[in-house]
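Trainee: For reference, the structure I am asking about is given below.
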Amino acid sequence: MAQNKELENIRHSFAHVLAASVQKLYPNVELGIGPVIENGFYYDFGKLKVDENDLAKIEKEMRNILKEKYAFKKKLWPAAKAVTHYKKEKQPYKLDLIKELKKESAKVGMVSTGDMFLDLCRGGHVKNTSELPADAFKLTKIAGAYWRGSEENKMLTRIYGLLFATKKELKEYI
């Protein structure tokens, strides 16, 4: 059984793999946030129209990414560089987050998953995707969630996933 911090890092890394998979399958998606929650993780997306039937396809893509042994690497970027990057990528939610982070620091954390995915992130990751248990996660549901929890903001699509240290723990929970 992974210790709590270790399991939290695994779950957070899975949120990045989920976002990378969704972005690969749906290239025009807008990326929101992807935190760890009790028993798993989620990620919020704009411009994404999926339903429960799409979860198996997304899970399959996630497992493909896990096989590739992509390294998670964090770098501090000047906030202005991150703004330029996310403007080019047409990622309004990341731009909104950078505005908030700029109040705290002139630099922001950017985490790459190999060379296939880059995300704004504070961190807490495993070293590479081969450390993630491909048989101990399951995408479970899709829900609507307002950006930043305010009904005055746009409704995003939230994809939830369960993740445990082992396949046995996942099966027992389900």
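The values are calculated or read from the model by the stated rules, or taken from the named source; none is laboratory data. Because the structure is predicted, anything quoted here is derived from the model rather than measured. Cβ coordinates were reconstructed from backbone atoms using ideal geometry, including for glycine residues, and neighbour counts include every protein chain displayed. With ligands, DNA and RNA removed, areas are computed over all heavy atoms of the protein, side chains included. Shrake-Rupley method; radii C 1.70, N 1.55, O 1.52, S 1.80 Å.
Trainee: Would a scan of segment 54-67 turn up a residue that is of a type in the set (A, V, I, L, M), part of a loop (DSSP other than H, G, I, E, B) and open to solvent by 30 Å² or more (accessible area, probe 1.4 Å)?
Mentor: Looking through segment 54-67, none of the residues is of a type in the set (A, V, I, L, M), part of a loop (DSSP other than H, G, I, E, B) and open to solvent by 30 Å² or more (accessible area, probe 1.4 Å).
Trainee: Residues to consider are 152, 172; find the one that is in a loop (DSSP other than H, G, I, E, B) and either within 21 Å of residue 17 (Cα to Cα) or not small (Gly, Ala, Ser) (or both).
Mentor: 152 is the lone residue from the list that is in a loop (DSSP other than H, G, I, E, B) and either within 21 Å of residue 17 (Cα to Cα) or not small (Gly, Ala, Ser) (or both).
Trainee: Another question, if that's okay. Filter segment 91-136 down to the residues that are among the hydrophobic types (A, V, I, L, M, F, W, C), out of contact with any Asp or Glu (no Cβ under 8 Å at 6 or more places or on another chain) and outside any loop (DSSP other than H, G, I, E, B), then identify the one that is modelled with the lowest pLDDT.
Mentor: The selected residue is 101.
Trainee: Could you look through segment 126-165, keep only residues that are over 20 Å from the mean Cα position of the chain (by Cα) and either open to solvent by less than 90 Å² (accessible area, probe 1.4 Å) or of a type in the set (A, V, I, L, M, F, W, C) (or both), and pick out the one that is nearest to residue 6 (Cα to Cα)?
Mentor: Among residues in segment 126-165 that are over 20 Å from the mean Cα position of the chain (by Cα) and either open to solvent by less than 90 Å² (accessible area, probe 1.4 Å) or of a type in the set (A, V, I, L, M, F, W, C) (or both), the one nearest to residue 6 (Cα to Cα) is 150.
Trainee: Next question, about the same structure. How about segment 68-84: which of its residues are touching a strand residue (DSSP E or B) at 6+ places or on another chain (Cβ under 9 Å), in a helix (DSSP H, G or I) and either within 17 Å of residue 11 (Cα to Cα) or free of Cβ contacts under 8 Å to residues at least 12 places away in the same chain (or both)?
Mentor: Selection gives 81 alone.
Trainee: I would also like to ask the following. Looking only at residues in segment 113-125 that are within 14 Å of residue 69 (Cβ to Cβ) and free of Cβ contacts under 8 Å to residues at least 60 places away in the same chain, which one is surrounded by the most Cβ atoms within 10 Å (Cβ to Cβ)?
Mentor: 114
Trainee: Just to be sure, is residue 37 over 23 Å from residue 143 (Cα atoms) and within 14 Å of the chain's Cα centre (by Cα)?
Mentor: When the stated conditions are applied, residue 37 does not pass them.
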